[in-house]
1. Which three semi-axes in whole Å describe the equivalent ellipsoid of segment 112-207, each the square root of 5 times a Cα gyration tensor eigenvalue, listed largest first?
2. Computed from the mean reciprocal separation of all distinct C-alpha pairs, what Kirkwood hydrodynamic radius does segment 231-383 have, in Å?
3. What is the Rg over Rh value, at two decimals, for segment 45-197, using alpha-carbon atoms and the Kirkwood definition of Rh?
4. Viscosity 0.692 mPa s, temperature 37 °C: give me the Stokes-Einstein translational D for segment 77-142 in µm²/s, with Rh taken as the Kirkwood radius over C-alpha pairs.
5. Working only with C-alpha atoms, what are the Rg and Dmax values of segment 351-393, expressed in angstrom?
6. On the principal axes of its Cα set, how long, how wide and how thick is the chain? Give whole Å, largest value first.
7. At a 10 Å Cβ-Cβ cut-off, how would you order 358, 54, fewest neighbours first?
8. Based on the Kirkwood radius over alpha-carbon pairs, what is the Stokes-Einstein translational diffusion coefficient of segment 9-108 at 20 °C with 1.002 mPa s viscosity, in µm²/s?
């Protein structure tokens, strides 16, 4: 069944007031168990039954506006949903984060959006943006063909979008995204990585598919929708829904260490993990660092959202903090997961230890271009009233 999630964080409290149901808790338990059995990592995608349970719980309609049948959550509420799922498994959280697909798709013409969501607001979207492939114009739109990498969640998608560069003679126009049924594309399973293996970020292949122009949009173009979510900085939000995966994974690692320490004796005769002064000190530091990073992350979101609720635009300074807090949170999360693994001793180096998976998953989050080192430089440039590199804001 679909759970009606609250509309406003400020009016009704946490989104988990609605999600803390037996169905949600059972799903998190099942994901946690199956992740520890390496089901998702071994097959390199999240199983379809999990995707369908996300769908039934409203993950994919969460950000869809009410006018299209959705639940219209706030940016913070959606991030909280993804963070909670990521505590069970980082790959599951990463795939669920593409419930933000409507934010990308909202740059489509309004009539196209209505057609897309006519039958259901629970559409599972996946995209392969890079590299934009040249596309010949035809009578109705474009002939799309090529290969796109990093198409997270493509194995369970209903609809996919791929990056194209329309050909205008010898020139290429502004990059667009061409949207089509997932059945029009094929998947080459080549996501062989050390972390977030279950995201199914395989290559998408399209072979001469005609896509009408009204089913394409300029990448980064303005939304045709007026709700607050579609006036929120879209690139910042795309970054945040991935960053929050790291926060969830780091929290899971701390919880795992605490559970390990309960009554466990060392094979060397050393004190129990929880009785070691250095472990107590370092765990306290990690807890403080993660909570501080998380607070900065959500504080930045709430500050920007508050401007939108007052009918104001999100400022450059606010957008900068959205990006800076995301990079910071991703790095702190990875550091916390690694520190926990070190504190666990030899236990944390075995492949069957969830701590190994937590470290790898959290580290991969930091490798994403949205959280790259250049974001530090861009943030600093704005603090000095300089212009950042294109694409940061």
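No value in this document is a laboratory result; all are computed from the given coordinates. Since we're looking at a predicted model, the values are computed, not measured. As a convention, Cβ positions derive from the backbone with ideal geometry for all residues, glycine included, and neighbour counts pool all protein chains shown.
1. Working: eigenvalues 111, 71, 19 Å².
The equivalent ellipsoid of segment 112-207 has semi-axes of 24, 19, 10 Å.
2. Working: mean 1/r = 0.0602 Å⁻¹.
Mean inverse Cα-Cα distance, inverted, gives 16.6 Å.
3. Details: Rg = 16.2 Å, Rh = 16.5 Å.
For segment 45-197, the value is 0.98.
4. Working: Rh = 14.3 Å.
Stokes-Einstein gives a translational diffusion coefficient of 229 µm²/s.
5. In Å, with Rg to one decimal and Dmax whole: 15.3, 49.
6. 77, 44, 44
7. Working: 358 31, 54 24.
In order of increasing Cβ crowding within 10 Å: 54, 358.
8. Roughly 153 µm²/s, to the nearest whole number.
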